[in-house]
Amino acid sequence: MSQNSMENLRNVALVGPYGSGKTTLLESLLWVTGKVTRKGSIKEGNTVGDASPEARARAMGVEVNVASLNWDDLALTILDCPGSIEFAQETYNALVGAGSAVVVCEADVSRVLTLAPLFKFLDDWEIPHLVFINKMDRAKNSFLEILQALKTISSRPLVPQQYPIHQGDDLIGYIDLVTEQAYHYHPQSPADPVPLPPELEEEEHLTRQEMLEALAEFDDHLLEELLEDIAPPQAEIEKDLKWELGADLIVPVLLGVADQDYGVRPLLEILKREAPAPSLTAERRGLTMTEADEPIVQVLKTYFTSQGGKLSLVRVWQGMLQEGGLLNGVRPGGIYRLFGQQQQPITQAQVGEVVALGRLEGIQTGDTLSSQTGIEPLPQAAILEPVYAQAILAENRRDEVKLSAALAKLVEEDPALRWGQEPETKEVVLWGQGEIHLQVALDRLRRKYNLPLQAHDPQTPYKETIRQSGKVHGRYKHQTGGHGAFGDVYLALEPLERGAGFRFEETIVGGVVPKQYIPGVEMGVREFLAKGPLGFPVVDIAVTLTDGSYHSVDSSEQAFKQAARLAMTEGMPQCQPLLLEPILSVNIATPSEFTAKVLQLVSGHRGQILGYEPRSDWKAWDQVSAYLPQAEMQTFIVELRSLSMGVGTFTWQYDHLQEVPEKLTQSVLAGQANGNGKA
């Protein structure tokens, strides 16, 4: 590929909230460019994007979908990213390798806040992006109102490049603010140029002036022209738009109706003219763009397909990727250009392309690969902390042997998932970003690995301790003929401060319990502490062996262990057992307008509010610190997102144990008696 053709490559991510119309926009782009002869629809379940059974079943994106197309001399690879916050990890991983992004949003001011985390990621990573305001035929607000709302969540200036033309409530066209040419839309056809409507001349002039003033912030020559009231030439405006977008200094704003193909052709023209070429993206990563260099690629996504096994979606950052070459010592099992679920084998991939590599065993999403050693790994998106969990169990016990291998592949495909066996409850727990996220994971396990699972809320790892001290005697005597068994102990039980754990001591004098039997006493106590009288592990207790007796023939370490267990069984209930629950330290991030509701939510979950403050480096966001009982956390993320338009989130870590309120204790113990271990 020549340098000129390399500069005509574009890798573009389609991003935006769930329901904004990204997949519909992709179908329109494919149809307009002739890549498909018939547009698919989400309702009919025949789109190129969102093609997996899990996506089709929910009519929503659950993983990155890729489609490559050509338009004039533009080679465009589109990464259609999920919109749900529960699948944000997929979107962030893909954006790391994209040259630019199209942020698709609805024409509704009330929904703008759902874009805030996405804009923050794009701004932090300095990824050039433009906005496509979709569904303008159903706009709930004026274009200028939407534009003003978008400005509140962007750290970059928003620059309108188009202005809508309405006839009554109907959207009939747009004005190109660069050329000041008006156009009327036509279904399934390019828009026609028409005279500028006189009634829009003033609004068009003011909006265009806003665009020029935003561009002039970064161009002194343009600023001089504006100050001297000189009309800048079209070529100069287009040059500024291209440079400032490529440098991530501005965010151009376009509009349209994807399901009617309105605004789609202008979007393609702007991507070709203004979106940065791969060389600029590589330069931002400190890489070169010549084919003579050794290849460097980065894994953006891992797939496990039913037929072809493992596929790794990669961005070629440097050099030429040839079939049969080694990457990190591994030889890929083929190079493929993707189009939805279809794979087209190719023999080489040019610098700047996004392609899939087959069977890269041992390679993970985010890894940097090269044919040479000692290269510096490229930055990768941070893995999101889990906020929702389900305990899982194979429906068929014979499937338990393959559960670990299947879960390992599942996590490799989706790094936002985690799993492990909880040491205290012995449950296998799957962690993720929300209820739908885990439902999709379970569906994949059933479909791909024939592994149907049952899922339920995880048990809370309650503990118990004692309120008061006590002394107890335990004697174990057993005679079966021949040598018997005899052990006799006196124990003192004492509560310890929270977090002290368990302490065993002995104050034996005169050898009333021989030293060789004392370890058996401690062993018996420890075995009992695994499940106290309330049914939970015992903590924060000191046990002291104070006295006892032995038989010269019948005593043994095992007998003293049994005596200690008998003493603990009798003595613990006398010391007023107390139920403890784990308390988590939680940091909640929320837009400031919802902070009061978040505080109420914390209080409603028996939480203790520690304070709140502005969230560092986030405009109009707060961070709330609190202690929350782990037993209250299962639905917390669902409720938090419900009251914060889906954008609230939290991180957590275990902090301490705390006494369970008496009323709740009875509920927990009743659940324990019924065998479910839940409150």
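The values are calculated or read from the model by the stated rules, or taken from the named source; none is laboratory data. Predicted model, so just to flag it, every value in this text is computed and none were measured. Every residue, glycine among them, receives a Cβ derived from its backbone with ideal geometry; neighbour counts consider all protein chains shown.
The combined condition, being under 19 Å from SER306 (Cα atoms), in contact with a Lys or Arg (Cβ under 9 Å, 6 or more places away or on another chain) and polar (S, T, N, Q), is not fulfilled by SER68.
The set of residues in region 425-460 that are under 17 Å from the mean Cα position of the chain (by Cα) and polar (S, T, N, Q) comprises GLN433, GLN439. Can we say ARG641 is of a type in the set (Lys, Arg) and in contact with a strand residue (DSSP E or B) (Cβ under 7 Å, 6 or more places away or on another chain)? Answer is no for this residue. Here the condition is being under 30 Å from GLY532 (Cα atoms) and not hydrophobic (A, V, I, L, M, F, W, C); of GLN608, GLN623, GLN600, it holds for GLN608 alone. If you filter region 30-53 down to residues that are surrounded by 22 or more Cβ atoms within 10 Å (Cβ to Cβ) and in contact with a Lys or Arg (Cβ under 8 Å, 6 or more places away or on another chain), you find that the one that is nearest to ARG446 (Cα to Cα) is ASP50.
Return a yes/no flag: does region 524-534 have any residue that is in contact with a Gly (Cβ under 9 Å, 6 or more places away or on another chain) and modelled with pLDDT of 95 or more. Scanning region 524-534, I find at least one residue that is in contact with a Gly (Cβ under 9 Å, 6 or more places away or on another chain) and modelled with pLDDT of 95 or more, so the answer is yes.
Just to verify a result, which residue in region 495-544, among those that are under 40 Å from the mean Cα position of the chain (by Cα) and among the basic types (Lys, Arg), is surrounded by the fewest Cβ atoms within 10 Å (Cβ to Cβ)? Across region 495-544, the extreme among qualifying residues is LYS531.
Scan region 439-455 and give yes if some residue there is of a type in the set (Asp, Glu) and within 30 Å of ILE363 (Cα to Cα), otherwise no. Yes, there is a match, as at least one residue in region 439-455 is of a type in the set (Asp, Glu) and within 30 Å of ILE363 (Cα to Cα). Residues in region 348-364 that are at pLDDT below 95 and surrounded by fewer than 15 Cβ atoms within 10 Å (Cβ to Cβ) were compared, and the one that is nearest to the chain's Cα centre (by Cα) is GLY362. I'd like the residue in region 588-644 that is touching a Lys or Arg at 6+ places or on another chain (Cβ under 8 Å) and among the hydrophobic types (A, V, I, L, M, F, W, C) and, out of all such residues, is farthest from THR425 (Cα to Cα). Here the residue is TRP618.
Contact map, region 480-502: first residue at positive phi, second residue aliphatic (A, V, I, L, M) and surrounded by 15 or more Cβ atoms within 10 Å (Cβ to Cβ), Cβ cut-off under 7 Å, separation 6 or more or different chains; pairs are GLY501/VAL539. Output yes when any residue across region 172-186 is at pLDDT 95 or above, assigned by TED's automatic domain parsing to the domain that holds GLU238 and under 22 Å from TYR92 (Cβ atoms), and no when none is. Checked region 172-186: no residue is at pLDDT 95 or above, assigned by TED's automatic domain parsing to the domain that holds GLU238 and under 22 Å from TYR92 (Cβ atoms). The strands (runs of 3 or more DSSP E) found wholly in region 339-428 and carrying at least 1 residues that are in contact with a Pro (Cβ under 8 Å, 6 or more places away or on another chain), polar (S, T, N, Q) and within 21 Å of VAL316 (Cα to Cα) occupy 368-370.
Of all residue pairs spaced 6 or more apart or on separate chains, those with beta-carbon atoms under 6 Å, a first member in region 434-454 that is more than 25 Å from VAL647 (Cβ to Cβ) and assigned by TED's automatic domain parsing to the domain that holds GLU400 and a second member that is among the aliphatic types (A, V, I, L, M) and assigned to a loop (DSSP other than H, G, I, E, B) are LEU445/LEU451. If you take the residues in region 667-679 that are surrounded by fewer than 19 Cβ atoms within 10 Å (Cβ to Cβ) and in a loop (DSSP other than H, G, I, E, B), which one is modelled with the highest pLDDT? Here the answer is ASN674.
Of the strands (runs of 3 or more DSSP E) lying entirely inside region 584-666, those containing at least 1 residues that are in contact (Cβ under 8 Å) with a residue 12 or more places away in the chain and surrounded by fewer than 15 Cβ atoms within 10 Å (Cβ to Cβ) are 608-614, 649-659.
Of all residues in region 67-110, those being of a type in the set (Gly, Ala, Ser) and assigned to a loop (DSSP other than H, G, I, E, B) number 6. When region 368-390 is filtered for residues that are buried (at least 17 other Cβ atoms within 10 Å of the Cβ), closer than 18 Å to ALA98 by Cβ and not aliphatic (A, V, I, L, M), the ones remaining, listed by number, are THR368, GLN380. With respect to LEU393, determine if the residue is of a type outside the set (Gly, Ala, Ser) and surrounded by 15 or more Cβ atoms within 10 Å (Cβ to Cβ). The answer is no for LEU393. Checking VAL297, VAL253 one by one, the residue that is closer than 26 Å to ASN134 by Cβ, touching a Leu at 6+ places or on another chain (Cβ under 8 Å) and buried (at least 20 other Cβ atoms within 10 Å of the Cβ) is VAL253 and no other.
Of all positions in region 564-582, none carries a residue that is under 25 Å from the mean Cα position of the chain (by Cα), part of a loop (DSSP other than H, G, I, E, B) and on the phi > 0 side of the Ramachandran plot.
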